[in-house]
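Remarks on the structure that follows.
Computed from the coordinates by the stated procedures, all read-outs in this text should not be read as laboratory data. These numbers come from a predicted model, not from an experiment. Backbone-built Cβ (ideal geometry, glycine too); neighbour counts: all protein chains shown.
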Amino acid sequence: MDTVSGTPARSPDRVRKVLFVCTGNSCRSVMAEGLLKHLLKPTGRDLQVLSAGVGTAGGMGPTPETVEVMDREGVDVTLHLSQPAAPTLLRSADLILVMDQYHRDTILARHPEAAGKTVLLKTFQAPVPPDDPNIPDPIGQPLEVYEECLITIKDAVQRVVQWLMMYRRLKTVLSPEDFAAFDQATDLLESGVV
């Protein structure tokens, strides 16, 4: 993984499952999951988008504040139920986007093999490294804090969408031969040969 840009060691075309992780899976990761699904819908990109928490037993709904700020975005998250960041879920994800360093550390302590695909959401494809790479937990805070959190998450999720769609854009601008060479080079880089 490129630690400067927060880019995973996988090409966007090979990502089939994205997992957002926070603590309780009732605020931040729910917002990110809902936004990515919403933003990808018009693109036709077939992708499984999920969320989970490192500190939840599961089965809880989103906070009322999360439901309210997401409703303003035109995204209904009322049926969401939290789930723990279980080993099978982490292994099956192609890209794991976490809300803060604690989440990344917790995942990598249990699953060091996930290092190349686990990225802080706020740093993902950021044009410059943010002063604070963490997205603070709004739980228990006033609605305004949830609104600020949503703005930060939405900015980062829009970068995720741009990155996921990059491969398709390249396919339209490169000749078939150049695209095949690019694809082959990507395979070599991902396999560690180069």
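Overview of results
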item	result
Simple spin-label estimate for Glu144 and Leu79 in nanometres, 7 Å along Cα-Cβ	3.5
Over the stretch 73-125: Rg over Rh, Cα atoms, Kirkwood Rh	1.02
Net charge of Cβ neighbours under 14 Å - reference Val30; Lys, Arg +1; Asp, Glu -1	-4
The stretch 41-59 versus the stretch 105-169: alpha-carbon centroid distance in Å	14
Residues of the stretch 37-77 with amide N under 14 Å of a point placed 7 Å along Cα→Cβ from Gln158	39-40
Formal net charge of residues neighbouring Leu108 (Cβ-Cβ distance under 15 Å; K, R +1; D, E -1)	+1
Asp13 versus Glu177: modelled label distance in nm, points set 7 Å from Cα along the beta carbon direction	1.8
Rounded if a/c under 1.5, otherwise prolate or oblate - the stretch 1-122, Cα gyration tensor axes	oblate
Three principal axis lengths of the stretch 72-178 [C-alpha, angstrom, descending]	54, 35, 34
Partner lysines for Lys154 [C-alpha distance under 16 Å; skip if fewer than 8 residues away on the same chain]	Lys37, Lys41, Lys122
